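Reviewing the structure listed below.
The values are calculated or read from the model by the stated rules, or taken from the named source; none is laboratory data. On a predicted model such as this, the values are computed, not experimentally measured, just so you know. Here Cβ is always computed from backbone atoms with ideal geometry, including for glycine, and neighbour counts include all displayed protein chains. Protein only, heavy atoms only, side chains kept; ligands, DNA and RNA dropped before computing areas. Shrake-Rupley method; radii C 1.70, N 1.55, O 1.52, S 1.80 Å.
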Amino acid sequence: MIGHARLFSFLLVFAGVACAQDLSGIEIHGFATQGFLFSSNNNYLTAQSSSGSLQWTDGAVSISDSLSDSLRVGIQLHMYQLGQLGGPNIQVDWALGDYRINDHLGFRAGKVKTIVGLFNDSQDIDAIFLWALLPQSCYPIDNEGFYLSHTGGDLYGYLPLGNHHGSLRYDGYLGEDYLPLDGGYVKQLADAGLQLTNEPAGRNYGGDLRWETPLRGLLLGYSPMVMGLDGASPGGALHVPSFLMTAQYAQFARGKFYFAFEYDKVPVSEFLTIGPQTAIFPLDTRSWYGMGQYRFTKKIQGGSYYSHYVNKAMNTSLPENYSKDWVVSGRYDFNSYFYAKLEGHFLHGTGLGYYASTNPNGLKPNSNILAAKIGFSF
Amino acid sequence: LRRDTSEVTRPGKTRLLILLLSFLNCGGFAAAQNVIFVVNKDVGISEIKASDLHAIFTGEKTRFADGSHAVPVVLRGGPAHEVFVERYCDETPAEFRAQWRKAAFTGQGNMPRAFDSESALLRYVAETPGAIGYVSRFSPQDNVKPVIPQK
């Protein structure tokens, strides 16, 4: 009897220890943010911002575990609400297995964040940026779910180039992407008369190559991506033939200073069928931004950027075909978990961020916007 | 006369106090300047390139030069952490934290284990194969192996 009790106790203790060991490698992280938008003219990003809107909430939880030195698995659940976009549904932001053979070669498979330009894969992680809104020309928040991640696989690695030549990081991917039904593009289509009921989807492939130059802190990179989309609903269809988008970027980070520049080019034609009629919407967008930021103290950071978008396929003198945004921003970190941001936008043009349904009386060409955010991250 | 003497000596005491405080402050600063790197005793290296340190502590590299797996661990804060981040990663502690948060929230990496004290970090390095961390020069390093950064 005593022997059985001892064995039982031993098994309990052993199971407890084994369980603790298994769980000790699990990492859980999360963030939550609440934003406020106020605009002098027009309603911005589908929110009733002209009268001040708190409809800007974001949150995520990630769980990951290293199963061995080479194998890691994880998942992140994400929820956001921005005006009429997003909603209470919790979505899988990414869910992947990551097998790293050595420093030069690794594989990721599952739903993987897509690396394009400096911030595409991280644009929904508010806690890591000074800015309340990233440059909207390259990272429109109302469409952040579009090509944020792909379902497929990545091949990646790190290649040191010797003492005097810096290092390379590369990532190549093949997968499928989709246009979220609760995102901005689908809402614009709905405003135009096409109510999609299934997410338009298509194959995408591309890569990212970034060179950490021998000049300390200077990073140069290039990201090409090819993708196409097809979607249908009882009332019509959307067809976007495969197109190549490219992003070229430079970043200089040293100590308290940070500077970045990025230029994106997206030539694409959208074929929109509503009822018996098909219309072609040509786009040839050129987007770029230049930003600079400085950390004044451990808690205070400030900076400014200029974001420029123009659709060269249309008359570029019309406000609906361009968006030029001067931004001044400040961030205060209460501690390593809590922070607050305050940001002013001086926005010219209506090419980005505006929707017909939330601006039924038309749009004024210019608007000043105040964006404020508080956030928590662990 | 007594009164005069006290008026003369008071600034002298103040000066002495300032000197003492400056010395203590310099001592703290000097300690912070002398960050050393330590690894688990099973790791087969005694020197490490500064570029490898940077790559390991930013998640780009996961192996030492001898091919063994590297497990970077960090301090949560303090002078040694600040000197490490500024000198070896060219960042501020906030940017260093943001970079690891980016890795964690994009699924590209796991944050390194962070410790509140140097003694806890040293204990973990001593017990964990492949672990590498940093402490101030004056922390005891009995159960770990120091590694010397090379240019």
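Quick rundown of the values:
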read-out	value
Full-stretch length increase - B:D66, B:F138 - with 0.36 nm per residue and alpha-carbon distance subtracted	23.1 nm
Separation between Cα centres of region A:224-264 and region B:31-105, rounded to whole Å	33 Å
Gaussian network model of chain A, Cα within-10 Å springs - most flexible of A:L219, A:L82, A:L189	A:L189
Compactness relative to 2.2 N^0.38 Å, alpha carbon Rg of region A:50-128	1.37
For region A:231-301: relative contact order, % (alpha-carbon pairs under 8 angstrom, 6 or more apart)	30 percent
Residue-wise HN-Hα coupling along region A:360-375, computed from phi with Karplus coefficients 6.51, -1.76, 1.60 (Hz; x: Gly, Pro)	x, 9, x, 10, 8, x, 10, 7, 9, 10, 10, 10, 10, 8, 10, x
Probe 1.4 Å - accessible area at A:M79, Å² to nearest ten	50 Å²
Nitroxide proxy distance, nm - points 7 Å out along Cα→Cβ at A:Q188 and A:A313	1.0 nm
Computed E for A:D230/A:L161 - FRET, C-beta separation, R0 51 angstrom, nearest 0.05	0.80
Solvent-accessible surface (1.4 angstrom probe) belonging to B:E118, in square angstrom, nearest 10	40 Å²
Largest-first ellipsoid semi-axes for region A:247-378, taking √(5λ) over the Cα gyration tensor eigenvalues, angstrom	34, 19, 14
Highest-MSF residue in chain A out of A:P88, A:P319, A:P214 [GNM, Cα springs under 10 Å]	A:P88
Among A:G153, A:G202, A:G162: highest mean-square fluctuation, GNM of chain A, C-alpha pairs under 10 Å	A:G162
Globularity ratio of region A:176-257, using Cα Rg and 2.2 N^0.38 Å	1.56
Set of lysines with alpha-carbon distance to B:K151 below 30 Å, sequence-local pairs under 8 removed	A:K256, A:K298, B:K41, B:K49, B:K61, B:K102
B:E47 paired with A:Y337, simple spin-label distance in nm, labels 7 Å along Cα-to-beta-carbon	4.4 nm
FRET E, pair A:L77, A:L105, Förster distance 30 Å, beta-carbon r, rounded to 0.05	0.55
Average beta carbon contacts from partner chains per residue of B:50-61, 10 Å cutoff	3
Phi-based couplings in Hz for region A:27-37 (Karplus 6.51, -1.76, 1.60; Gly and Pro marked x)	10, 10, 10, x, 8, 8, 9, 10, x, 9, 10
Calculated from backbone phi, Karplus (6.51, -1.76, 1.60) coupling profile of region A:220-229 in Hz, x at Gly/Pro	10, x, 9, 10, x, 8, 10, 7, x, 9
Distant-in-sequence amide H partners of A:D93 (H built 1.01 Å from N, under 5 Å)	A:Q76, A:L77, A:H78
Dimensionless Rg/Rh of the protein assembly as shown - Kirkwood Rh, Rg from C-alpha atoms	1.05
Protein-only accessible surface order, largest first, of A:S50, A:S233 at 1.4 Å	A:S50, A:S233
Amide proton proximity set for A:D69, modelled H, under 5 Å, gap of 5+	none
On Cα atoms only, tilt of A:2-24 relative to the major axis of chain A in degrees	30 degrees
Relative contact order for chain A, counting Cα pairs under 8 Å that sit 6 or more residues apart, in percent	15 percent
Cα-based convex hull, region A:302-378, per residue volume (Å³, whole number)	121 Å³
Label-point separation in nm, A:F346 to A:A201, each point 7 Å along Cα→Cβ	4.6 nm
